[in-house]
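**Student:** My questions all concern the structure below.
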Amino acid sequence: MIEAKNIIKSFEGKVILHNISAKFYAGKTNLIIGQSGSGKTVLMKSLVGLLRPDSGEILYDGRDFLKYNSSDIKDLRTEIGMLFQGSALFDSMTVLENVMFPLLMFTKQSYAERKKRAEFCLERVNLKGADKLLPAELSGGMQKRAAIARAIALNPKYLFCDEPNSGIDPKTSLVIDKLIHDITHEYNITTIINTHDMNSVMGIGENIIFLNRGHLSWEGTKEDIFSSTDEAFNEFVFASDIMKEVKDYVNRGR
Amino acid sequence: MKLIKTFIFDNLAKFGRYIMLLGKVFTRPDKWSVFFKRYIDEVYKLGFDSIAIVFTISIFIGAVIAIQTQKNITSPFIPSYTIGMLTRETILLEFSSTIMALILAGKVGSSISSEIGTMRVTEQIDALEIMGVNSANFLILPKITALVTFIPVLVTISMVMGLLGGFFVGEFTDMFPSSKYIYGLQSYFQEFYVWYSIIKSLFFAFVISTVASFYGYTVKGGATEVGKASTDAVVVSSVTILLLDVLLTKILL
Ligand SMILES: Nc1ncnc2c1ncn2[C@@H]1O[C@H](COP(=O)(O)OP(=O)(O)O)[C@@H](O)[C@H]1O
Ligand SMILES: [Mg+2]
């Protein structure tokens, strides 16, 4: 479990995150949702330590890593996997080398062992056969899957995904969502996902927090969505006609 | 006045960030075996791949210096071996170190900053950091060590080819006899000039690799900013090389 307590983050005097407190549970897909520019990426980068919050606590299963020194942070980082918005695969390495890279840096495994583990991860994300390709030769969806394989190579306890579905068609998005969801449950990972995609929210929203211009204004599960009374949240969720219809349908059934 | 103040302040702040980055770069590599492999890769990319351009430019400039020297010697009292001597001095003292460094600042410097800058804007550097890799050390240290250790080779190649360029003029035209040119090359030869050039080049290599890395590593934004960063890197490292040239010459000669 990851717990954020009273996180405040500003850039050059402009407050981006206003006193955010939230819990993210192990073995669940925890979603941070909100409009573009609402602060999702800033929150995620603060949680993993790529940005330093002005104040607050971030507890990884009770460990406050903001108080850690750099070598402790390094150790904690080997428990973290992250999937970036643009995949962030190393473009000078093949897919297999990308997945083997964390193993090379942080284990004493032999080449054969690393290769075996990397191939296992690639198979898990259904990318067998693409291992000798370069990232530039992959489609967007394949890049995301390769990045997931790399993120899980070291068996992380915590997995962060920043907009895993950005730039991907709806059908592939479902595949990626399902993959992240299944891996989370299979290995009991504390997974945090940034998204503004309502399909994802309805599909894998097991624990959701909603950011509205840097304020946490709603939290709940996908089942709670239709009973929400938060104005900004409803405006965000029911922006599309199809979601409005779903809401009407659900409410009629009540 | 206010403008000048902010200009000075901004650049001091930038210099501070540069020093801080170097602090991150000069630490123990996470894994030596990985470092050595990356070092060899960089020697190929930054060093070997520059041999052709150094080779070509040096031979032509050597020839041109010899021709111009010959044209400028009008007095019959100046012996023709002077051409060899002066060509040698120009190449050893200034061309093979400083001018070569300026050319490398363009070629190597821009490639370093665009490579690292692209990694920054595509979040590859964040990906390294998240894994727990010291990205500055991992990416930049192999480049600095590769360029600093390989630049003496480039300087030596440049010297040899430059002198050979002058020799070819003597050999293939009737401007001056090549035997006199060779005699000139050997007269009043000071070995220290070679060392002076190589010592200077080590500093230049450090400037090129660190400045370019700094501009790449600190890019914010997208592809346009990467392009701008690499232009800035070339400009700043070129100016620094010229300033350093004056300073080192004052100290060493
Ligand atoms: N490094 C930064 N410096 C200044 N402002 C930033 C920085 N990163 C993000 N911001 C600002 O923070 C706000 C939230 O951005 P972000 O977290 O990227 O939104 P999103 O929810 O789309 O991921 C935006 O207004 C953005 O301009
Ligand atoms: Mg974002």
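The values are calculated or read from the model by the stated rules, or taken from the named source; none is laboratory data. As the structure is a computational prediction, the values presented were derived from the model and not from experiment. In this analysis, Cβ positions are derived from the backbone assuming ideal geometry, glycine residues included, and neighbour counts consider all displayed protein chains. For accessibility, only protein heavy atoms count, side chains too; no ligands or nucleic acids. Shrake-Rupley method; radii C 1.70, N 1.55, O 1.52, S 1.80 Å.
**Student:** Which ³J(HN,Hα) values in Hz, rounded to whole numbers, follow from the phi angles of segment A:114-121 under the Karplus curve 6.51 cos²θ - 1.76 cosθ + 1.60, where θ = phi - 60° and Gly and Pro get x?
**Tutor:** Each residue of segment A:114-121 in turn: 4, 5, 5, 5, 4, 5, 4, 5 Hz.
**Student:** If the viscosity is 1.567 mPa s and the temperature 4 °C, what Stokes-Einstein diffusion coefficient in µm²/s follows for segment B:116-180 when Rh is the Kirkwood radius over Cα pairs?
**Tutor:** 83 µm²/s
**Student:** Using a simple spin-label model with points 7 Å from Cα along the Cα→Cβ vector, what separation in nm is obtained for residue A:137 and residue B:28?
**Tutor:** In this crude label model, residue A:137 to residue B:28 measures out at 3.9 nm.
**Student:** Output the 0 to 90 degree angle, nearest 10, between the alpha-carbon long axis of helix A:140-152 and the longest principal axis computed from the alpha carbons of chain A.
**Tutor:** In chain A, helix A:140-152 runs at an angle near 70 degrees to the longest axis.
**Student:** Just grab the label-to-label distance for residue B:242 and residue A:155, each label 7 Å out from Cα along the Cβ direction, in nm (one decimal).
**Tutor:** For the pair residue B:242/residue A:155, the computed spacing is 6.0 nm.
**Student:** Now a separate question. Evaluate the charge dipole of the protein assembly as shown about its Cα centre and quote only its size in Debye, nearest 20, assuming +1 on the Cβ of each Lys and Arg and -1 on the Cβ of each Asp and Glu.
**Tutor:** So the dipole magnitude of the protein assembly as shown works out to roughly 760 debye.
**Student:** What share of the DSSP beta bridges in chain A is antiparallel, in percent to the nearest 5?
**Tutor:** Antiparallel: roughly 50 percent of the beta bridges in chain A.
**Student:** Too long at a 30 Å Cα-Cα cut-off: which of A:40/A:171; A:14/A:244; A:116/A:157; A:28/A:132?
**Tutor:** In this structure, A:14/A:244; A:28/A:132 exceed 30 Å between Cα atoms.
**Student:** Further question on the same structure: At a Förster distance of 51 Å, what's the computed FRET efficiency of residue A:107 paired with residue B:187, Cβ-Cβ distance as r, to 0.05?
**Tutor:** The pair residue A:107/residue B:187 has a calculated efficiency of 0.20.
**Student:** For segment A:6-21, in order, what is each residue's ³J(HN,Hα) by Karplus, 6.51 cos²θ - 1.76 cosθ + 1.60 with θ = phi - 60°, in whole Hz (x at glycine and Pro)?
**Tutor:** 6, 6, 10, 9, 10, 10, 6, x, 8, 6, 9, 10, 9, 6, 8, 10
**Student:** Two-decimal Rg/Rh of chain A from alpha-carbon positions, Kirkwood Rh?
**Tutor:** With Rh from the inverse mean 1/r over Cα pairs, Rg/Rh is 0.98.
**Student:** Using label points projected 7 Å from each Cα along Cα→Cβ, tell me how many nm separate residue B:231 and residue B:51, to one decimal.
**Tutor:** Here the answer is 3.4 nm between the modelled labels.
**Student:** If you take the accessible area of B alone plus A alone and subtract the pair, what total do you get in square angstrom, rounded to 100, with a 1.4 Å probe?
**Tutor:** 1800 Å²
**Student:** Considering only protein heavy atoms, with the full assembly of protein chains and a 1.4 angstrom probe, order B:200, A:28 by accessible area, largest first.
**Tutor:** So the residues, ranked largest to smallest area, are A:28, B:200.
**Student:** Can you tell me the Rg and the Dmax, both Å, for the Cα atoms in the protein assembly as shown?
**Tutor:** Cα-based Rg and Dmax for the protein assembly as shown come out at 29.6, 112 Å.
**Student:** Right, here's the next one. Name the residues whose placed amide hydrogens come within less than 5 Å of the amide hydrogen of residue A:194, ignoring near sequence neighbours (fewer than 5 apart) on the same chain.
**Tutor:** Those qualifying (amide H under 5 Å, at least 5 residues apart or on another chain) are A:32, A:161, A:162, A:163.
**Student:** State the percentage of accessible surface on chain B attributable to carbon and sulfur atoms; use a 1.4 Å probe and exclude ligands, DNA and RNA.
**Tutor:** Carbon and sulfur atoms account for 72 percent of the accessible area of chain B.
**Student:** Charges on Cβ only, +1 for Lys and Arg, -1 for Asp and Glu, centred on the Cα centroid of segment B:1-158; of B:6, B:104, B:34, which one is farthest towards the dipole's positive end?
**Tutor:** After comparing all options, I get B:6.
**Student:** Please give me, ordered by residue number, the GluC sites (Glu not before Pro) of segment A:3-59 that lie in loop per DSSP and have at most 13 other Cβ atoms within 10 Å.
**Tutor:** A:12
**Student:** Quick one: Karplus J couplings for segment B:6-15, per residue in order, coefficients 6.51, -1.76, 1.60, θ = phi - 60°, nearest Hz, x for Gly and Pro?
**Tutor:** 5, 4, 5, 4, 4, 6, 5, 4, 4, 4
**Student:** With both partners inside the protein assembly as shown, how many of the DSSP beta bridges are antiparallel, as a percent to the nearest 5?
**Tutor:** Roughly 50 percent of the DSSP beta bridges within the protein assembly as shown come out antiparallel.
**Student:** Over the Cα atoms of segment A:92-155, Rg to Rh with Kirkwood Rh, two decimal places?
**Tutor:** 0.94
**Student:** Give the residue list of chymotrypsin sites (Phe, Trp or Tyr not before Pro) in segment B:37-90 that are DSSP loop and have at most 14 other beta-carbon atoms within 10 angstrom.
**Tutor:** B:77
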